[in-house]
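S.K.: I have a structure here, written as structure tokens, and I will follow up with some questions on it.
The values are calculated or read from the model by the stated rules, or taken from the named source; none is laboratory data. Just so you know, these numbers come straight off a predicted model, no measurement behind them. No Cβ is skipped: glycine too gets one built from the backbone with ideal geometry, and neighbour counts run over all protein chains shown. Quick note on the areas: whole protein, heavy atoms, side chains included, nothing else; ligands and nucleic acids left out. Shrake-Rupley method; radii C 1.70, N 1.55, O 1.52, S 1.80 Å.
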Amino acid sequence: MNPHVLIEFHRQINGNVCHDCMAIRHIELSDMGVCSQCGNLAQCLDADLIAYYQSRLLSHEFIWRYLPMLRALGSCGEVYSIEHIARVYNKLIEENTFGSEN
């Protein structure tokens, strides 16, 4: 596959946005990743993934300690769906969702 096509495909499915490309900085929920906007390896936020976690009423501290903060990981090119992450971390998320029976 043409590397330029692969890079463009990665940018289309990558939800990461680095601090230089976003207006709002949310440093505690950022992680090192490839920005979908500029392509730089930098501290990035995956807003859709964080929104999913927040919809489960998970605290920022819990997210930061135990869950991946990006679906697109570094420069290795792997991109996971929110559904995949929810499946893999289901038990941990269910046990720590606010209001769940512990």
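S.K.: Is there a residue being in contact with a Phe, Trp or Tyr (Cβ under 6 Å, 6 or more places away or on another chain), at pLDDT below 90 and under 12 Å from residue 14 (Cα atoms) anywhere in the stretch 44-61?
M.R.: no
S.K.: Next up: If residue 43 satisfies all but one of (1) touching a residue at least 24 places away in the same chain (Cβ under 8 Å); (2) over 20 Å from residue 22 (Cα atoms), what's the number of the condition it fails?
M.R.: Tallying (1) touching a residue at least 24 places away in the same chain (Cβ under 8 Å); (2) over 20 Å from residue 22 (Cα atoms), residue 43 fails exactly one: (2).
S.K.: Here is a further query. What are the residue pairs meeting all of these: first residue in the stretch 77-94, first residue open to solvent by less than 90 Å² (accessible area, probe 1.4 Å), second residue assigned to a loop (DSSP other than H, G, I, E, B) and of a type in the set (D, E, K, R), Cβ atoms under 6 Å, and 6 or more apart or on different chains?
M.R.: 79/71; 80/71; 93/56
S.K.: Oh, and also: Taking into account only those residues within the stretch 38-52 that are open to solvent by 60 Å² or more (accessible area, probe 1.4 Å) and either acidic (Asp, Glu) or in contact with a helix residue (DSSP H, G or I) (Cβ under 8 Å, 6 or more places away or on another chain) (or both), which is nearest to residue 81 (Cα to Cα)?
M.R.: 48
S.K.: Taking the stretch 53-67 on its own, how many of its residues are open to solvent by 50 Å² or more (accessible area, probe 1.4 Å) and not in a loop (DSSP other than H, G, I, E, B)?
M.R.: Residues flagged as open to solvent by 50 Å² or more (accessible area, probe 1.4 Å) and not in a loop (DSSP other than H, G, I, E, B) within the stretch 53-67 amount to 7.
S.K.: Moving to a separate point now. Those residues that are among the hydroxyl-bearing types (Ser, Thr, Tyr), at pLDDT below 90 and farther than 20 Å from residue 19 by Cβ, I need them from the stretch 62-85; list them, please.
M.R.: Result: 80, 81.
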